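The values are calculated or read from the model by the stated rules, or taken from the named source; none is laboratory data. All values derive from a computational prediction rather than experimental measurement. With ideal geometry, Cβ positions are generated from the backbone for all residues, glycine too; neighbour counts draw on all protein chains shown.
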Amino acid sequence: MASLHPPGIYPLTQRQGIYVHAFLIDPGNAGDGLIVIDTLYSDDARLIFDAIAGLGKTPKDLKHIVLTHAHRAHMGGMAALKKASGAKVYCHAWEADIVEGDRRIQSSTLRPGYPLWLWPFQVAARFSRFTSVKVDQILRDGSKVGPLEAVYAPGHTPGHLAFSWPDRSALFAGDALVTLPEFAPGWFGFMLNERQNRASLRRMAELNANWIGVGHGEPVTSGGAEKLRQLVQSLPN
């Protein structure tokens, strides 16, 4: 059976962190090394280590740890991965002092929103902890990490990044989008600036990505560009 995902993209998920996703990337180019986009919730990063082993590689083959934003569900395994691999850690400048442990994770609203079952997780997020690491490189709009191009996509957080892989017609949207419980803008209860997020979605829709990975929920494996355009058209200005 053909894979539902473009070559070199390996989605990873766990129930902790609200069905959070990370993505292991194998560019296939000698010397580039593996890339991981976000690191799931668990401190031990076991699922990511297992996925690396499943490719017949070792942690030392991981060269780049790329963060969409500085929330616990996406940073849990970064310290274990960095220690085992020596990989560089990348994020936006606004998120860097959180990643390095110098500022608390930015809290969003405690006002319940849709879906209502998320409210206990909104409360718990205010008390979440993670093991900090040094950021090795700041990413800006258009920065490259291997075949990935950073797309500045604020809204969920001020320093939120998405990543485009044009050769694979793939977009890693982070928490700007969710597919749980439906394809929609990121959850209200975790959104710091809805207007910024809508603008970010409009920009991402212009990338015409067929495959879209999101931070929570399953990837959109086909027709992503059209679904995103339809969603953007339904949003207020």
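Spot the failing condition for Leu192; the list is (1) under 17 Å from the mean Cα position of the chain (by Cα); (2) under 21 Å from Thr13 (Cβ atoms); (3) touching a residue at least 60 places away in the same chain (Cβ under 8 Å), and only one is missed.
All conditions pass for Leu192, except number (2).
Quickly run through the stretch 115-147 and pick out the residues that are at pLDDT below 95, within 19 Å of Ala173 (Cβ to Cβ) and loosely packed, with under 15 Cβ neighbours inside 10 Å.
Scanning the stretch 115-147 gives no hits.
Out of the helices (runs of 4 or more DSSP H) lying entirely within the stretch 17-107, which hold 1 or more residues that are in contact (Cβ under 8 Å) with a residue 40 or more places away in the chain, under 26 Å from Gly189 (Cβ atoms) and among the aromatic types (Phe, Trp, Tyr)?
Once the helices (runs of 4 or more DSSP H) in the stretch 17-107 are filtered for at least 1 residues that are in contact (Cβ under 8 Å) with a residue 40 or more places away in the chain, under 26 Å from Gly189 (Cβ atoms) and among the aromatic types (Phe, Trp, Tyr), what remains is 93-99.
Checking Ile37 against (1) within 26 Å of Pro219 (Cα to Cα); (2) at pLDDT 95 or above; (3) surrounded by fewer than 16 Cβ atoms within 10 Å (Cβ to Cβ), which single condition isn't satisfied?
Evaluating Ile37 over (1) within 26 Å of Pro219 (Cα to Cα); (2) at pLDDT 95 or above; (3) surrounded by fewer than 16 Cβ atoms within 10 Å (Cβ to Cβ) leaves (3) as the failure.
Suppose we filter the stretch 7-34 for residues that are crowded, with 18+ Cβ neighbours inside 10 Å and over 18 Å from His216 (Cβ atoms); how many remain?
6
Could you tell me which residue of the stretch 101-113 is surrounded by the fewest Cβ atoms within 10 Å (Cβ to Cβ), considering only residues that are within 21 Å of the chain's Cα centre (by Cα) and at pLDDT below 75?
Applying the filter and picking the extreme gives Thr109.
Take the residues in the stretch 1-50 that are polar (S, T, N, Q) and over 19 Å from His160 (Cα atoms), then tell me which one is farthest from the chain's Cα centre (by Cα).
Among those residues, the one meeting the criterion is Asn29.
Which numbered condition in (1) within 21 Å of Thr39 (Cα to Cα); (2) touching a helix residue (DSSP H, G or I) at 6+ places or on another chain (Cβ under 7 Å) is the only one that Gly113 fails?
Only one criterion is unmet by Gly113, namely (1).
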